[in-house]
1. Exposed (fewer than 10 other Cβ atoms within 10 Å of the Cβ), at pLDDT below 90 and over 10 Å from the mean Cα position of the chain (by Cα) - does that describe any residue in region 16-25?
2. Can you tell me which residues in region 26-49 are at pLDDT below 85, of a type in the set (Ser, Thr, Tyr) and under 13 Å from HIS11 (Cα atoms)?
3. Being closer than 19 Å to GLY41 by Cα and touching a helix residue (DSSP H, G or I) at 6+ places or on another chain (Cβ under 6 Å) is the filter here; which residues of region 15-29 pass it?
4. Residue by residue through region 7-21, note down the ones that are of a type in the set (Gly, Ala, Ser) and without any contact (Cβ under 8 Å) to a residue 24 or more places away in the chain.
Amino acid sequence: MSATANAFCRHCGTRETPQWRSGPNGSSELCNACGIRYKSGRLFRSTGRLQLPTSIDSSKLFQQAQHYNDN
């Protein structure tokens, strides 16, 4: 598993993945699983299709990811 310092998936929040993948905002922002789903058009949240903003506040996103992982 690849764990780059301070890297986390911008969708699910994981910090370990076999490979970091490109997302809508550039390279190495999604874990392997989310990157594959994004590329195939199947990246969803429980409330519907994920809409990633063009600019990401990573601290807020990480807190949200922690909340989803805890539930």
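The values are calculated or read from the model by the stated rules, or taken from the named source; none is laboratory data. As the structure is a computational prediction, the values presented were derived from the model and not from experiment. FYI the Cβ positions are ideal-geometry reconstructions off the backbone, even for glycines, and counts take in every protein chain you see.
1. No.
2. Hit for region 26-49 is SER46, nothing else.
3. Within region 15-29, GLN19, ARG21, GLY23 meet the criteria.
4. Passing the criteria: only ALA7.
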